[in-house]
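Novice: First the structure, then my questions, so here it is.
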Amino acid sequence: MLVLVTIEPIKSCTKKAKMNRTAKRIFVLSPHADDAELGVGGYLAKAVDQGAEVMVALATAGTVQHFHGSEVTGSQRLDEFHAAMAVLGVQQVRVLTQERDGELPHFSYARMVGMLDALQRSFQPDEILLPLPSAHQDHTYCWEVGIAMTRPHRVTHVPALVAGYEYPLTSWGQGAGFSAFRGGLYIDVSATWTRKLQALRQHVSQFGDADGDPLALEGVAALARLRGAEAGFGHAELLHVVRQRWF
(Lines give C-alpha, C1' and ligand atoms only; values in the text may rest on other atoms or scores of the structure.)
Protein backbone atom coordinates (compact mmCIF):
# COMPACT_ATOMS: atom_id res chain seq x y z
CA MET A 1 0.00 0.00 0.00
CA LEU A 2 1.12 3.57 -0.61
CA VAL A 3 1.74 5.99 2.21
CA LEU A 4 -1.12 8.46 2.52
CA VAL A 5 -0.22 12.10 2.02
CA THR A 6 -3.41 13.63 3.37
CA ILE A 7 -4.44 16.28 5.86
CA GLU A 8 -7.06 13.92 7.27
CA PRO A 9 -7.10 10.10 7.17
CA ILE A 10 -9.61 8.85 4.61
CA LYS A 11 -11.45 5.68 3.91
CA SER A 12 -10.79 3.52 0.89
CA CYS A 13 -13.41 3.69 -1.84
CA THR A 14 -12.92 0.11 -2.98
CA LYS A 15 -11.72 -3.19 -1.62
CA LYS A 16 -7.97 -3.39 -1.14
CA ALA A 17 -6.14 -4.93 -4.06
CA LYS A 18 -2.55 -5.73 -4.78
CA MET A 19 -0.80 -3.25 -7.02
CA ASN A 20 -0.22 -4.61 -10.50
CA ARG A 21 3.26 -3.27 -11.23
CA THR A 22 2.88 -4.02 -14.95
CA ALA A 23 -0.38 -2.08 -15.31
CA LYS A 24 -0.62 1.45 -16.63
CA ARG A 25 -1.00 3.97 -13.81
CA ILE A 26 -3.08 7.11 -14.13
CA PHE A 27 -2.99 10.01 -11.66
CA VAL A 28 -5.81 12.59 -11.72
CA LEU A 29 -5.90 15.85 -9.79
CA SER A 30 -9.50 16.86 -9.06
CA PRO A 31 -10.18 20.35 -7.62
CA HIS A 32 -13.57 19.37 -6.21
CA ALA A 33 -15.48 16.17 -5.50
CA ASP A 34 -17.05 15.88 -8.98
CA ASP A 35 -14.45 17.33 -11.36
CA ALA A 36 -12.55 14.13 -12.20
CA GLU A 37 -15.83 12.46 -13.18
CA LEU A 38 -16.89 15.48 -15.24
CA GLY A 39 -13.62 15.60 -17.13
CA VAL A 40 -12.43 12.02 -17.48
CA GLY A 41 -14.98 9.78 -15.78
CA GLY A 42 -15.56 7.75 -18.93
CA TYR A 43 -11.85 7.34 -19.56
CA LEU A 44 -11.13 6.25 -15.98
CA ALA A 45 -13.84 3.58 -16.13
CA LYS A 46 -12.47 2.39 -19.48
CA ALA A 47 -8.88 2.34 -18.21
CA VAL A 48 -9.85 0.37 -15.10
CA ASP A 49 -11.68 -2.16 -17.27
CA GLN A 50 -8.44 -2.57 -19.24
CA GLY A 51 -6.43 -3.24 -16.07
CA ALA A 52 -5.07 0.21 -15.23
CA GLU A 53 -4.35 1.42 -11.70
CA VAL A 54 -5.97 4.80 -11.02
CA MET A 55 -5.40 7.30 -8.25
CA VAL A 56 -7.58 10.40 -7.89
CA ALA A 57 -6.29 13.17 -5.61
CA LEU A 58 -9.07 15.46 -4.40
CA ALA A 59 -7.67 18.94 -3.74
CA THR A 60 -10.41 19.88 -1.30
CA ALA A 61 -13.87 19.01 -0.04
CA GLY A 62 -15.86 21.40 2.08
CA THR A 63 -19.17 23.03 2.82
CA VAL A 64 -20.65 24.72 -0.25
CA GLN A 65 -23.31 27.42 -0.42
CA HIS A 66 -25.26 27.15 -3.67
CA PHE A 67 -26.49 30.22 -5.52
CA HIS A 68 -30.08 29.29 -4.74
CA GLY A 69 -29.30 29.30 -1.01
CA SER A 70 -29.02 25.63 -0.04
CA GLU A 71 -25.93 24.42 1.82
CA VAL A 72 -24.07 21.16 1.27
CA THR A 73 -21.70 19.92 3.97
CA GLY A 74 -18.17 18.76 3.37
CA SER A 75 -18.93 15.31 4.76
CA GLN A 76 -21.78 14.87 2.27
CA ARG A 77 -19.50 15.87 -0.61
CA LEU A 78 -16.88 13.38 0.55
CA ASP A 79 -19.46 10.61 0.77
CA GLU A 80 -20.62 11.41 -2.77
CA PHE A 81 -17.01 11.46 -4.00
CA HIS A 82 -16.22 8.03 -2.57
CA ALA A 83 -19.46 6.61 -4.00
CA ALA A 84 -18.65 8.00 -7.45
CA MET A 85 -15.11 6.63 -7.36
CA ALA A 86 -16.48 3.19 -6.48
CA VAL A 87 -18.80 3.30 -9.51
CA LEU A 88 -15.84 4.04 -11.79
CA GLY A 89 -13.71 1.36 -10.12
CA VAL A 90 -10.97 3.78 -9.03
CA GLN A 91 -8.64 1.88 -6.71
CA GLN A 92 -7.03 4.74 -4.78
CA VAL A 93 -8.13 8.17 -3.61
CA ARG A 94 -6.38 10.89 -1.63
CA VAL A 95 -7.94 13.95 0.00
CA LEU A 96 -5.38 16.73 0.21
CA THR A 97 -7.31 19.41 2.15
CA GLN A 98 -10.75 19.92 3.59
CA GLU A 99 -13.11 22.90 3.96
CA ARG A 100 -11.33 25.03 1.34
CA ASP A 101 -13.86 25.09 -1.50
CA GLY A 102 -13.41 28.40 -3.27
CA GLU A 103 -10.38 29.23 -1.15
CA LEU A 104 -7.63 26.98 -2.50
CA PRO A 105 -5.51 29.94 -3.70
CA HIS A 106 -5.03 30.83 -0.01
CA PHE A 107 -3.48 27.42 0.67
CA SER A 108 0.30 27.34 0.38
CA TYR A 109 1.36 26.56 -3.19
CA ALA A 110 4.65 25.14 -1.93
CA ARG A 111 2.89 22.82 0.50
CA MET A 112 0.45 21.57 -2.14
CA VAL A 113 3.20 20.99 -4.69
CA GLY A 114 5.14 19.11 -2.02
CA MET A 115 2.19 16.77 -1.41
CA LEU A 116 1.76 16.20 -5.14
CA ASP A 117 5.48 15.53 -5.55
CA ALA A 118 5.29 12.91 -2.81
CA LEU A 119 2.32 11.20 -4.47
CA GLN A 120 4.10 11.18 -7.81
CA ARG A 121 7.22 9.63 -6.29
CA SER A 122 5.27 6.88 -4.58
CA PHE A 123 2.66 6.11 -7.25
CA GLN A 124 4.92 6.67 -10.28
CA PRO A 125 2.11 7.38 -12.75
CA ASP A 126 2.42 6.82 -16.48
CA GLU A 127 -0.19 9.52 -17.09
CA ILE A 128 -0.92 12.70 -15.13
CA LEU A 129 -4.24 14.39 -15.86
CA LEU A 130 -4.79 17.94 -14.63
CA PRO A 131 -7.88 20.18 -14.65
CA LEU A 132 -7.65 22.96 -17.20
CA PRO A 133 -7.82 26.47 -15.76
CA SER A 134 -11.17 28.21 -15.94
CA ALA A 135 -13.08 31.09 -14.41
CA HIS A 136 -13.09 29.19 -11.10
CA GLN A 137 -10.13 30.10 -8.93
CA ASP A 138 -9.75 26.57 -7.52
CA HIS A 139 -9.37 25.12 -11.01
CA THR A 140 -6.72 27.67 -11.93
CA TYR A 141 -4.88 26.94 -8.69
CA CYS A 142 -4.91 23.18 -9.35
CA TRP A 143 -3.68 23.71 -12.91
CA GLU A 144 -0.76 25.78 -11.64
CA VAL A 145 0.30 23.40 -8.87
CA GLY A 146 -0.17 20.48 -11.27
CA ILE A 147 2.14 22.06 -13.83
CA ALA A 148 4.68 22.62 -11.04
CA MET A 149 4.31 18.94 -10.12
CA THR A 150 5.21 17.95 -13.69
CA ARG A 151 8.16 20.34 -14.06
CA PRO A 152 11.20 18.89 -15.86
CA HIS A 153 13.72 17.60 -13.33
CA ARG A 154 15.91 14.59 -12.72
CA VAL A 155 13.71 11.82 -11.39
CA THR A 156 13.74 8.06 -11.71
CA HIS A 157 10.27 7.98 -13.27
CA VAL A 158 8.87 10.41 -15.84
CA PRO A 159 5.22 10.07 -16.95
CA ALA A 160 4.65 9.34 -20.62
CA LEU A 161 1.69 11.74 -20.78
CA VAL A 162 0.80 15.00 -19.07
CA ALA A 163 -2.53 16.40 -20.22
CA GLY A 164 -5.27 18.78 -19.19
CA TYR A 165 -8.89 17.68 -19.04
CA GLU A 166 -11.85 19.92 -19.70
CA TYR A 167 -15.22 20.20 -18.03
CA PRO A 168 -18.36 22.00 -19.23
CA LEU A 169 -17.28 25.44 -17.92
CA THR A 170 -13.67 25.32 -19.07
CA SER A 171 -14.50 27.39 -22.15
CA TRP A 172 -15.30 30.34 -19.90
CA GLY A 173 -12.13 31.95 -18.53
CA GLN A 174 -8.51 30.92 -19.04
CA GLY A 175 -9.50 27.52 -20.39
CA ALA A 176 -10.98 29.21 -23.48
CA GLY A 177 -7.43 29.53 -24.82
CA PHE A 178 -7.05 25.75 -25.16
CA SER A 179 -7.84 24.32 -28.58
CA ALA A 180 -7.78 20.77 -29.89
CA PHE A 181 -5.57 22.06 -32.69
CA ARG A 182 -2.82 22.61 -30.11
CA GLY A 183 -2.70 18.92 -29.30
CA GLY A 184 -6.10 17.36 -28.73
CA LEU A 185 -6.42 13.71 -27.74
CA TYR A 186 -9.96 12.35 -28.17
CA ILE A 187 -10.92 9.30 -26.12
CA ASP A 188 -13.90 7.17 -27.13
CA VAL A 189 -16.00 6.71 -23.98
CA SER A 190 -19.14 5.40 -25.66
CA ALA A 191 -18.85 2.01 -23.94
CA THR A 192 -18.48 3.52 -20.46
CA TRP A 193 -20.74 6.53 -20.91
CA THR A 194 -23.54 5.13 -18.74
CA ARG A 195 -21.06 4.50 -15.91
CA LYS A 196 -19.86 8.08 -16.13
CA LEU A 197 -23.45 9.25 -15.77
CA GLN A 198 -23.98 6.83 -12.89
CA ALA A 199 -20.90 8.22 -11.15
CA LEU A 200 -22.13 11.79 -11.61
CA ARG A 201 -25.53 10.84 -10.22
CA GLN A 202 -23.81 9.92 -6.95
CA HIS A 203 -23.35 13.66 -6.47
CA VAL A 204 -26.98 14.18 -5.56
CA SER A 205 -26.20 17.57 -4.02
CA GLN A 206 -24.75 18.88 -7.29
CA PHE A 207 -26.45 17.50 -10.38
CA GLY A 208 -29.90 17.72 -11.86
CA ASP A 209 -31.43 18.11 -15.29
CA ALA A 210 -32.09 21.86 -15.43
CA ASP A 211 -32.37 23.23 -18.96
CA GLY A 212 -29.56 25.54 -19.94
CA ASP A 213 -27.26 24.59 -17.06
CA PRO A 214 -23.86 23.49 -18.46
CA LEU A 215 -23.22 21.49 -15.28
CA ALA A 216 -26.53 19.64 -15.47
CA LEU A 217 -26.35 16.08 -16.78
CA GLU A 218 -27.72 17.18 -20.14
CA GLY A 219 -24.99 19.82 -20.38
CA VAL A 220 -22.37 17.16 -19.69
CA ALA A 221 -23.91 14.91 -22.34
CA ALA A 222 -24.01 17.75 -24.88
CA LEU A 223 -20.25 18.32 -24.51
CA ALA A 224 -19.52 14.59 -24.84
CA ARG A 225 -21.64 14.36 -27.99
CA LEU A 226 -19.87 17.39 -29.46
CA ARG A 227 -16.43 15.89 -28.81
CA GLY A 228 -17.65 12.59 -30.17
CA ALA A 229 -18.88 14.23 -33.36
CA GLU A 230 -15.51 15.93 -33.81
CA ALA A 231 -13.70 12.59 -33.62
CA GLY A 232 -16.20 10.16 -35.10
CA PHE A 233 -17.32 8.62 -31.79
CA GLY A 234 -20.68 8.48 -30.08
CA HIS A 235 -19.37 10.13 -26.88
CA ALA A 236 -15.84 11.35 -26.31
CA GLU A 237 -13.68 13.13 -23.74
CA LEU A 238 -10.97 15.52 -24.87
CA LEU A 239 -7.51 15.79 -23.34
CA HIS A 240 -5.18 18.68 -24.18
CA VAL A 241 -1.65 17.32 -24.41
CA VAL A 242 0.94 19.24 -22.41
CA ARG A 243 3.78 16.76 -22.79
CA GLN A 244 3.93 13.34 -24.37
CA ARG A 245 6.96 11.07 -24.48
CA TRP A 246 7.20 8.63 -27.39
CA PHE A 247 9.32 5.49 -27.18
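Novice: Need one number: nm distance between label points at PHE181 and GLU103, each 7 Å from Cα along Cα→Cβ, rounded to one decimal.
Specialist: Placing both labels 7 Å along Cα→Cβ, they lie 4.3 nm apart.
Novice: If you bin the C-alpha pair distances of segment 25-244 every 10 Å from 0, what whole percents do you get?
Specialist: Per 10 Å bin, starting at zero, the Cα-Cα P(r) for segment 25-244 comes out as 8, 36, 41, 14, 1 percent.
Novice: Determine the dipole magnitude for the chain: charges of +1 sit on the beta-carbon of Lys and Arg, -1 on that of Asp and Glu, nothing else is charged, the reference point is the Cα centre, and the result goes in debye to the nearest 20.
Specialist: On the way: 23 positive and 25 negative charges, 259 e Å.
Result for the chain is approximately 1240 debye, rounded to the nearest 20.
Novice: Which is farthest toward the positive dipole end of the chain among MET55, VAL158, LEU129, measuring Cα position about the Cα centre, with Cβ charges +1 (Lys, Arg) and -1 (Asp, Glu)?
Specialist: Farthest towards the positive end: VAL158.
Novice: Can I ask one more? What nm distance separates the two modelled labels at ALA222 and GLN174, each placed 7 Å from Cα along Cα→Cβ?
Specialist: 2.6 nm
Novice: Roughly speaking, what is the stretch gain from THR156 to ALA110, that is 0.36 nm per residue apart minus the C-alpha to C-alpha distance, in nm to one decimal? Could the numbers behind the result be given before it?
Specialist: Numbers: separation 46, 0.36 × 46 = 16.56 nm, distance 2.17 nm.
Once the chain is fully extended between THR156 and ALA110, it gains 14.4 nm.
Novice: Among DSSP beta bridges lying fully in the chain, give the percent that are antiparallel, nearest 5.
Specialist: Working: 12 of 31 bridges.
Taking every DSSP beta bridge within the chain, about 40 percent pair in antiparallel fashion.
Novice: Counting heavy atoms of the protein chains only and a 1.4 Å probe, report the per residue accessible area for the chain as a whole number of Å². Working shown, then result.
Specialist: On the way: 11510 Å² over 247 residues.
Per-residue value: 47 Å².
Novice: What do the square roots of 5 times the Cα gyration tensor eigenvalues come to for segment 29-121, in whole Å, largest first, as semi-axes of the equivalent ellipsoid? Please report the intermediate quantities before stating the final value.
Specialist: Working: eigenvalues 106, 70, 18 Å².
Gyration-tensor ellipsoid for segment 29-121: 23, 19, 10 Å.
Novice: Could you tell me, in Å, what Rg and Dmax come out for the Cα atoms of segment 160-236?
Specialist: Rg, Dmax (Cα atoms, Å): 13.2, 40.
Novice: If you roll a 1.4 angstrom probe over the protein chains with everything in place, what fraction of the accessible area of the chain belongs to carbon and sulfur, to the nearest %? Each step should come with its number before you reach the end.
Specialist: On the way: 6210 of 11510 Å².
Taking all protein chains in place, the chain shows 54 percent carbon and sulfur surface.
Novice: Heavy atoms of the protein only, probe of 1.4 Å, neighbouring chains included. What is the accessible area of TRP143 in Å², nearest 10?
Specialist: Ignoring ligands and nucleic acids, TRP143 comes out at about 40 Å².
Novice: Okay, moving on. How much of the pair distance distribution for segment 193-243 lies past 11 Å, counting alpha-carbon pairs only, in percent?
Specialist: Numbers: 897 of 1275 pairs.
Pairs farther apart than 11 Å: 70 percent.
The values are calculated or read from the model by the stated rules, or taken from the named source; none is laboratory data. No experiment lies behind these values; they were computed from the predicted model shown. Note that each Cβ is placed from the backbone with ideal geometry, even for glycine, and that neighbours are counted across all protein chains shown. Just the protein is used for accessible areas: all its heavy atoms, side chains included, with ligands, DNA and RNA removed. Shrake-Rupley method; radii C 1.70, N 1.55, O 1.52, S 1.80 Å.
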